[in-house]
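Read the structure below first, then the notes.
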Amino acid sequence: MADSFGWDIGGVHLKSARLTVAGGSASIETRIVPFEIWKDPSGLAGRIRGLLAKQAGEHAVTMTAELSDAWSSRAEGVRAILGACRQALPGPPRVLDLRGRLVGLDEALERPLEVAAANWLATATLIGRALPDALLLDVGSTTTDVVPIRGGRPCPSGRTDTERLVSGELVYTGCLRTPPASLAEFVPLAGGWSRVSPEHFTSMGDVHTILGSIAERDYTVATPDGRGRSRADAMARLARLVCAEVGTIGAHAVEAIARYLAERQVDQIARAIVQVMSSGPRVAPVAVPAGAGAFLAETAARRIGLETKPLARLVPRLSGDDWARAAPAAALAVLLAEESGERRFMP
């Protein structure tokens, strides 16, 4: 049987998933590769080719990178990304639209805004086939998706990024790239409260490195100062949030700032969950964390009393790596294989 590939083209990462069905077993392999698309938009096709370990198979694409200011409009961005996929992939890929359909490439090119920023729908659709009522909580490097699922289908209040920002279903907070100054105007220091410097000195990737929530290998974006990803490097950067150095305020003070910022981020996600759950018929108290920041989703969900279920356990017929970190790409590969009649993976 031909492999099925899912692609999630983001602004700072390329995520791919390869689903292989052999005999009575199925496995999935995911890859997450750093790629700051605004620095080299013309290099996208080459990067995609570099991720293709095997040519044969069917491909489906979703994206969020169209919002990058590498292009003058989102429509231009969508068309450029799809053009790169046409060049790099063997055969025209299918494209996920905002209604959850896999449409042909030509249709997607004609209606670019209908396929923009649709990646959350892939994961939510997959979850809905296992849990009729649930809440997807996907915390990535940059953003968080909070998607209600009712009656086995995604039921968002909004579809576009702007609509979802208003509804609380999209929160611009993630485990790596979020500026700490966007979470707090003041942080605890020396028994008082210090204002923060909103410079690009540090990021939440440093906070979660200091707290041990992520390892160096998980810090998959560029650091603010271009230096290393060790705990010591992260401590030095976070100290600059209050225009200081570790040697002047002490490691304990930097760690206290990190703990406070992590709490503020969890609160931000928890508030969005409460907003989304209040917007329509009650969602069953089951949350499905996903993404590189699943640990934040888990903490936020439990803080407001939700049960959590790991995404991978919802698809027991599928073996493989920690594919929930690249959930939209993996879900897209599964949905494509099911639509092609290869096999049913969901209960």
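The values are calculated or read from the model by the stated rules, or taken from the named source; none is laboratory data. The shown structure was predicted, so the numbers you read here are calculated from the model rather than taken from an experiment. Note that each Cβ is placed from the backbone with ideal geometry, even for glycine, and that neighbours are counted across all protein chains shown. All accessible areas refer to the heavy atoms of the entire protein, side chains included, with ligands and DNA or RNA removed. Shrake-Rupley method; radii C 1.70, N 1.55, O 1.52, S 1.80 Å.
In the context of the full set of protein chains, residues of the stretch 214-261 present 48 Å² of accessible surface per residue (probe radius 1.4 Å, heavy atoms only). Modelled spin-label separation between His200 and Trp38, with each label point placed 7 Å from Cα along the Cα-to-Cβ direction: 0.7 nm.
Could you order peptides 297-303, 212-218, 7-13 by the average number of other Cβ atoms within 10 Å of their residues, highest first? Let's see the in-between values first.
On the way: 297-303: 21.1, 212-218: 14.0, 7-13: 24.9.
Highest mean packing first, the order is 7-13, 297-303, 212-218.
Find out how many positive minus negative residues lie around Gly212, taking Lys and Arg as positive, Asp and Glu as negative, among other residues whose Cβ is under 12 Å from that of Gly212. That works out to -1.
Solvent exposure of the stretch 34-191 amounts to 40 Å² per residue of accessible area, where only protein heavy atoms count and the probe is 1.4 Å.
If you take the alpha carbon atoms of the chain and fit the smallest convex hull around them, that volume is 128 Å³ per residue.
Summing -39500 (n - 2.57) over the DSSP H runs of n ≥ 4 in the chain and dividing by its residue number, what mean residue ellipticity at 222 nm do you reach, to the nearest 500 deg cm²/dmol? Could you put the intermediate results ahead of the total?
Values: 11 runs with 116 residues, N = 347.
For the chain, the value works out to -10000 deg cm²/dmol.
Round to the nearest 0.05 the FRET efficiency obtained for Ser25 and Ile304 when R0 = 45 Å and r is the Cβ-Cβ distance.
Details: r = 38 Å, r/R0 = 0.85.
Efficiency for this residue pair is about 0.75.
Over the Cα atoms of the stretch 1-103, the radius of gyration divided by the Kirkwood radius equals 0.98; this is the Rg/Rh ratio.
Its relative contact order, with pairs defined as Cα atoms under 8 Å and 6+ residues apart, puts the chain at 21 percent.
In the chain, carbon and sulfur make up what percent of the accessible area (probe 1.4 Å)? Carbon and sulfur atoms account for 50 percent of the accessible area of the chain. With the biggest extent put first, the Cα atoms of the stretch 237-347 measure 63, 34, 18 Å across the principal axes.
Can you give the translational diffusion coefficient of the stretch 120-218 in µm²/s, computed by Stokes-Einstein from the Kirkwood radius over Cα pairs at 4 °C and 1.567 mPa s? Spell out each step's value before the answer.
Values: Rh = 15.4 Å.
Translational diffusion coefficient: 84 µm²/s.
Kirkwood radius and radius of gyration were both taken over the C-alpha atoms of the stretch 61-127, and their ratio Rg/Rh is 0.95. With the convex hull of its Cα atoms as the shape, the stretch 279-329 has an orientation-averaged projected area of 4.4 nm².
With both bridge residues required to lie in the chain, what share of the DSSP beta bridges run antiparallel, to the nearest 5%?
Values: 32 of 48 bridges.
Here the share of antiparallel DSSP bridges comes out near 65 percent.
Taking the chain as a Gaussian network of alpha-carbon nodes connected by springs under 10 Å, the highest mean-square fluctuation of the residues Leu96, Leu44, Leu136 belongs to Leu44. Using the membrane-span-like helix rule (whole DSSP H runs, Cα extent along the own axis of at least 27 Å, mean Kyte-Doolittle hydropathy at least -1.0), which helices of the chain qualify? TM-like helix candidates: 251-277.
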